[in-house]
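The values are calculated or read from the model by the stated rules, or taken from the named source; none is laboratory data. Being a predicted model, the structure only gives us computed values, none of them experimental. A quick note on method: Cβ atoms are made from the backbone with ideal geometry, for glycine too, and the neighbour counts reach across all protein chains shown. What goes into the accessible areas is simple: the full protein's heavy atoms, side chains included, and nothing from ligands, DNA or RNA. Shrake-Rupley method; radii C 1.70, N 1.55, O 1.52, S 1.80 Å.
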Amino acid sequence: MNLELLESFGQNYPEEADGTLDCISMALTCTFNRWGTLLAVGCNDGRIVIWDFLTRGIAKIISAHIHPVCSLCWSRDGHKLVSASTDNIVSQWDVLSGDCDQRFRFPSPILKVQYHPRDQNKVLVCPMKSAPVMLTLSDSKHVVLPVDDDSDLNVVASFDRRGEYIYTGNAKGKILVLKTDSQDLVASFRVTTGTSNTTAIKSIEFARKGSCFLINTADRIIRVYDGREILTCGRDGEPEPMQKLQDLVNRTPWKKCCFSGDGEYIVAGSARQHALYIWEKSIGNLVKILHGTRGELLLDVAENWSAFAPDFKELDENVEYEERESEFDIEDEDKSEPEQTGADAAEDEEVDVTSVDPIAAFCSSDEELEDSKALLYLPIAPEVEDPEENPYGPPPDAVPTSLMDEGASSEKKRQSSADGSQPPKKKPKTTNIELQGVPNDEVHPLLGVKGDGKSKKKQAGRPKGSKGKEKDSPFKPKLYKGDRGLPLEGSTKGKVQAELSQPLAEQEEQSQNCYEDRETLGSSHSVIR
């Protein structure tokens, strides 16, 4: 085989794990911004951790929710972030300040939230046991999207690449294509398993470039379609998928699927083990399986193919590099220069050093320029544990008495700033979304407990009290001493509250008596033994 010919083709998919990010708590969902520079991670304790992916450091932590974060999505310019938690709340966040702009409370748990690819004023929400809902953030209004069958409300939805259409899929394998502005039905088809049997739609994902999209179904097959063909077939069409991707050996179910940045590869995370499968879209062949730590399970997959250079290639062995003649020469001495005449000979060529050429990886296929207002990186502010009493100017003793009265108000401002106290934040507006016919007692799949025959439901959020019969769940927020306090039960809680209202001297005296009683009990216990 001609090795020199193979070296001219650079591969654009990873060969091995690049590294790990040590998150503060268990990560449930993650997503990159458009440029792959910031990574938002939703944790089981309700916090959103934003990582600078270039430095692999934490750039910001937002205390977003009390309950676990189950879905995240970046806005187009990267300044906003929308999140959903298991307590049925959808929130919009300002990434720079970390403040909450708006909140929406739904009657049922949220499976997915997604910004409109071109208009960040619109958000698509997929609640459980309900038709998808499109929110308008400016006026807090919502529109319920039409569904194919009112009895089957297990619906997933997604915007297409430009946001012109919304694709929805139900548990019976029916795909509807709706116009985003008018919610009119444009096209529809049914996903079948070779015969007349249908299969449930688990997720719909679109490529960032091109018109292709994939459908992850319950029959463990990933089907790739061309969006232009779907629109051409119209209603009740029968389009054929471009590719059918599956694991024929292990029959692996897929947790999450996505395209690469250039749309040439498809990645799927296994629901059974920590493994990533990579296929080439044009041919449909499996090119790589990336195995992670044994015993771990995947919860989410996010792509950032821009981390690899376009000409990136990995060599199996060292290759001797042959330097070309005059490769590193400043000027080529053998090159014949054309004769310059007239004004061109007098003027030197001007070099433009101010304009910046757009990076093709950061632009969509229908764009020529980058977004100048985009948020690519976050400034990291240092945290001061023990600030000085008066960091501004000289100490108070050095100020003349004649100026004390005049600067009283300014001193109070400086002292408040030195104490770290900030003006109270504006409380975000909370809008209740009412959906007809939606049950209010549904539990998010992350919090569900599998029972033996009977469907047991676990109460969302933090436990009110434990009697020793409940088992610890990995998605239950952990409380650490000194962070958010330890749970107190029964008489102990009442005793601590009573002690807090007593003077300090009495508390010390009681603690000393308790310590002596404890020693007496310990000695008597040893005598009894």
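Does the stretch 116-134 contain any residue that is under 20 Å from residue 245 (Cα atoms), free of Cβ contacts under 8 Å to residues at least 60 places away in the same chain and open to solvent by less than 10 Å² (accessible area, probe 1.4 Å)?
Checked against the condition, which is being under 20 Å from residue 245 (Cα atoms), free of Cβ contacts under 8 Å to residues at least 60 places away in the same chain and open to solvent by less than 10 Å² (accessible area, probe 1.4 Å), the stretch 116-134 yields no hits at all.
So residue 20 fits all but one of (1) of a type in the set (Ser, Thr, Tyr); (2) under 24 Å from residue 116 (Cβ atoms); (3) open to solvent by 20 Å² or more (accessible area, probe 1.4 Å); what number is the exception?
With respect to (1) of a type in the set (Ser, Thr, Tyr); (2) under 24 Å from residue 116 (Cβ atoms); (3) open to solvent by 20 Å² or more (accessible area, probe 1.4 Å), residue 20 is out only on (2).
Could you please find all residues in the stretch 263-277 being open to solvent by less than 60 Å² (accessible area, probe 1.4 Å) and without any contact (Cβ under 8 Å) to a residue 40 or more places away in the chain?
267, 269, 270, 271, 274, 275, 276, 277
Within the stretch 28-70, take every residue that is among the basic types (Lys, Arg) and without any contact (Cβ under 8 Å) to a residue 60 or more places away in the chain and give me the one that is nearest to residue 98 (Cα to Cα).
47
Which one is surrounded by the most Cβ atoms within 10 Å (Cβ to Cβ), of the residues in the stretch 278-301 that are touching a Gly at 6+ places or on another chain (Cβ under 8 Å) and not β-branched (Val, Ile, Thr)?
281
Would you check if residue 252 is among the β-branched types (Val, Ile, Thr), farther than 17 Å from residue 204 by Cα and touching a Ser or Thr at 6+ places or on another chain (Cβ under 7 Å)?
So residue 252 fits the description; yes.
Is one or more of the residues making up the stretch 71-80 without any contact (Cβ under 8 Å) to a residue 40 or more places away in the chain and either more than 24 Å from residue 204 (Cβ to Cβ) or not charged (D, E, K, R) (or both)?
Among the residues of the stretch 71-80, not one is without any contact (Cβ under 8 Å) to a residue 40 or more places away in the chain and either more than 24 Å from residue 204 (Cβ to Cβ) or not charged (D, E, K, R) (or both), which makes the answer no.
In contact with a His (Cβ under 6 Å, 6 or more places away or on another chain) and either open to solvent by 20 Å² or more (accessible area, probe 1.4 Å) or touching a residue at least 12 places away in the same chain (Cβ under 8 Å) (or both): does that describe residue 91?
No.
Just give me the residues in the stretch 228-249 being open to solvent by less than 40 Å² (accessible area, probe 1.4 Å) and under 16 Å from residue 173 (Cβ atoms), in sequence order.
230, 237, 239, 241 - these are the residues of the stretch 228-249 that are open to solvent by less than 40 Å² (accessible area, probe 1.4 Å) and under 16 Å from residue 173 (Cβ atoms).
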